[in-house]
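> Quick one: the structure is below, questions incoming.
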Amino acid sequence: MSLRNPVPWILILAIVLTLVPSKVICISLHHGGWIHRQDRRDYDLDSCWLMKPRYNCMGDTRRPLAAEWWYVPDLTAPENTWRDLLIANTDTDVNDHAEHTGLRGAIRACERYQQQESKPAKAPINGKRMINLLFAGDSHLRQMFEAMACRWRDFVTGGTLVTGPLDRPAMSNRVLGKRGKMKRFLNRSDTILSPIEQIQRPDNAPNAMNPPCHYSLDSSSYYKGGQFPPKQEPAEEMCTDDLARIEYLDTLRIYYVFHSYAYDGELETVLREYLKVDPQDIDIVVYNDDQKLDVRWSTTDQQPHFLNFSDVRAVLKTQLKRDAGTMYGATNAKMKDDAHPCLPGIPDDEVDVLFVSLLTESAIINDAR
């Protein structure tokens, strides 16, 4: 899938990049679309150790599968996918698994924004400090966070997840706008962030990580027959990624903060008190829900690179409906064509779009209509 000839890569990139009047580079999705290929096989329900049960498509009868559709920047050049663009930007062996799945391209993209003068969030490794990327937003970004965790599971070297009781606000606009729920969460002493280092890879399933993060005890009701994927067992405690951190190759550290815990200027508090990172050590902030979420730091020093991802999901879903006849909403024992797409599926392509946009130092992604 790698691009051996640099000329097509340059031409495709020229199509997707535009300049807005302020001379900010903008990624355009206007010419994009979906093509049918073989299943990318980055992960499946057996190997995906971090997935909200609502997103699984176990037993989905739709064919082709969601994972067999690939997003391309330009439908007139369908041989070049966004993953190809990501791989083409790294000078390593394409046979390397970390390269083939786009992780090395993602690391190279994030290195552009590393703040060399800021206080290290962790002791330097090989002369470099960890690169810190923050996802702050709704479930669309959560799906991308989980897609990366499963796709790059072989390269996870650390992190934290929430286990135990969590006072999570109900998912409604009425509740999400209230500070009270958030305050109760911030004041709880029984919210525990457990280290991922405790999660082990079993000998009989080297591509799985147990215990997986299955959220709550009723999660099995989302799976056909009430059964978890065969190679996984439910974790004993409640586990969520509402607040989470995952490290890859001891180099790239990715955080996720669910938006309802970060309204009213609370994002910096959550980062410091729960995820144990100084906001000034964050190199990149990817966000959506920009109408409610204030992601700007209170200090004017060391502002990270901000990337607004708000419009991407709607554009990709519309184009998938046009090209595949369905948006592949999650379909399982509880959900039927849910508003959230299957995993694997659209979120995996969004990951590729994200890191290509970072490689090109883009600040805006939209459909350029």
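> What does the net charge come to around residue 81 if you take all other residues with beta carbon closer than 10 Å to its beta carbon, with K and R at +1 and D and E at -1? Intermediate values should be presented prior to the final figure.
Numbers: positive: 37, 40, 83; negative: 79, 84, 349, 352.
Local net charge: -1.
> Still on this structure: Which distance in nm do the two modelled labels at residue 314 and residue 249 give, with both placed 7 Å along the Cα-to-Cβ direction?
3.5
> Going 7 Å from the Cα of residue 221 toward and past its Cβ, which residues in the range 44-75 have a backbone nitrogen under 13 Å from where you end up?
54
> A further question follows. Can you tell me the order of 74-82, 42-50 when each peptide is scored by its average per-residue count of other Cβ atoms within 10 angstrom, highest first?
Values: 74-82: 16.6, 42-50: 21.9.
By packing density, highest mean first, the sequence is 42-50, 74-82.
> Ranking request for peptides 348-354, 334-340: highest mean number of other beta-carbon atoms within 10 Å first, then the rest in descending order.
Ranking, from highest mean packing down: 348-354, 334-340.
> Work out the FRET efficiency for residue 39 and residue 112 from their Cβ-Cβ distance, taking R0 = 41 Å, and round it to the nearest 0.05.
0.80
> Okay, moving on. By how many nm would the segment from residue 30 to residue 326 lengthen if fully extended, with 0.36 nm per residue of separation less the alpha-carbon distance?
104.7 nm
Only the coordinates and a few stated rules stand behind these numbers; no lab work does. Predicted, not measured: the structure shown is a model, and the values here were computed from it. Positions of Cβ are generated from backbone atoms using ideal geometry, with glycine treated the same way; all protein chains shown enter the neighbour counts.
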